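Have a look at the structure below before the remarks.
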Amino acid sequence: MNDLAPNDAAGLPARAAALDLLTAALSGRAGLDEGLSHPALAALSGRDRAFARALVMATLRHLGPIDAALQAKVKKPPPDKVVQILRLGVAQAFVLKTPAHAAVTTSVDLVARDKGLQMFKGLVNAVLRGLLREPQALDDPELLAPGWLYARWRAAFGAEAAHEIAAMVAREPATDLTLKDPDTTGALAADLEAQVLPGGSLRTQRRGDISAWPGFAEGGWWVQDAAAAIPARLLAVQPGQTALDLCAAPGGKTLQLAAAGAQMTALDRSAARLKRVAENLTRTGLAAEAVAADAATWPDKRIFDAVLLDAPCSATGTFRRHPDVLWAAKPSDVAGLAAVQSKLLDAAARRLRPGGRLVYCVCSLEPEEGEGQVAAFLGRTQDIVLDPIGAGEGGAPAASVRPDGTLRILPHHLDGGLDGFYVARFRKG
Ligand SMILES: C[S@@+](CC[C@H](N)C(=O)[O-])C[C@H]1O[C@@H](n2cnc3c(N)ncnc32)[C@H](O)[C@@H]1O
């Protein structure tokens, strides 16, 4: 990472942009994806933009340990902006290994840019220099996730699993791709220097602008985490069957089902997000009917051979790519989302023809959105039964299969990691 770390004055705009991005990501207003198109980045050179992004991600991936180190040195919390500057300073020095003097000087300079914060220049200088005197280990799993989430994971999955899940927070993930045509696997794996994962996803360590990678312009693949690619495969749709994706945007799972030959209907409440589905369909040359509607109240009367519900959720399972979700989530979010999921699950069941298959999934590690949701659904539904998923089916890691045949995919269940997901498959009697 050293080559990314400008150690002269030219690096200050990159650090200022990182400060804006970090503030936006932690405010919970904008996810990091949106944050990355932040106006602060627009004026930067490609190299500075890459540094700003790497710095924010390094900070978010180590936020808990960074804060613990800072709390040991700072008695009275300074204003929020100073806290963010200190966090970025620690991440530069100990994660990106930016030369110490550059990490300190630029942090002090960032404070100095704000007239109202002049009195904190000395504090930032002293705290960072103090920390730099001793080695700092910023990878204690018990600190890598917020305490309340770590405690939940320990209660749900046990102490060892909670430790392994949280250890994944600090690790930078590779990029996983789903192929439009499985026959292209060998050629694209070679072109992209990629590993072929169980289930057929490709995993590449490449970085940078994906639109320049082999096969992108031709629509041969799309970016999709290895775990996110499993649910649609479990529907095992046959060419010509009808399939409904009830929460479709940005469209990864719709693309999979369309590529398998299904006659697709892609529904999402957000017309803006449906545009992303349309763009993805155009690039890959695949087709789907797009519907902007609320899945719970969509008045259409059709029923389908296969229904997929990738429900809105706390997204705590996506922390490998979006570490900000861990720090933006609140305990109260889970209960509110669980109520929405149960309404959508009932709506999904109504759309299924007798004999048809329904897959429910969430990219959440929270049992209320997964195991609890399914138990309640089975308890109130007459004509639907679980259709158990076997180890290896759809690329499911053996460790993820629960005794009832649903999947609890934990981020350490695959070498190199995958997103956390819960997946259940049902059949209508
Ligand atoms: C987890 S994302 C779906 C990701 C998508 N399945 C994929 O693989 O690319 C959840 C989606 O649900 C949509 N959504 C939330 N509530 C909804 C509702 N009541 N009806 C329809 N869509 C909804 C959101 O707009 C969001 O796009």
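Quick look at the numbers
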item: Among the residues listed as ALA137, ALA103, the single one being in a helix (DSSP H, G or I) and touching a residue at least 24 places away in the same chain (Cβ under 8 Å); result: ALA103
item: Sole residue being part of a helix (DSSP H, G or I) and not charged (D, E, K, R), chosen from LEU96, LEU21, LEU44; result: LEU21
item: Filter result (out of contact with any strand residue (DSSP E or B) (no Cβ under 6 Å at 6 or more places or on another chain) and more than 30 Å from LEU22 (Cβ to Cβ)) within region 296-322; result: ALA296, THR297, TRP298, PRO299, ASP300, LYS301, ARG302
item: Single unsatisfied condition, GLY251 versus (1) surrounded by fewer than 21 Cβ atoms within 10 Å (Cβ to Cβ); (2) farther than 25 Å from PRO354 by Cα; (3) not basic (Lys, Arg); result: (1)
item: Qualifying residue in region 156-167 (condition: closer than 19 Å to ILE66 by Cβ and either among the basic types (Lys, Arg) or at pLDDT 95 or above (or both)); result: yes
item: The lone exception for PRO312 - which of (1) of a type outside the set (Asp, Glu); (2) part of a loop (DSSP other than H, G, I, E, B); (3) farther than 24 Å from LEU267 by Cβ; (4) touching a residue at least 60 places away in the same chain (Cβ under 8 Å) it fails; result: (3)
item: Test: ASP383 is closer than 30 Å to GLY261 by Cα and within 14 Å of the ligand (Cβ to nearest atom); result: no
item: Hits in region 249-290 (condition: within 9 Å of the ligand (Cβ to nearest atom) and among the β-branched types (Val, Ile, Thr)); result: THR254, VAL277
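For (1) more than 30 Å from PRO182 (Cα to Cα); (2) modelled with pLDDT under 95; (3) small (Gly, Ala, Ser), each residue gets a yes or a no:
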position	(1), (2), (3)
TYR360	no, no, no
GLN373	yes, no, no
ALA376	yes, no, yes
LEU410	no, no, no
TYR422	no, no, no
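The values are calculated or read from the model by the stated rules, or taken from the named source; none is laboratory data. Just so we're clear, the structure is a prediction, and the values are computed from it rather than from any experiment. Neighbour counts run over all protein chains shown; Cβ positions are idealised from the backbone, glycine included.
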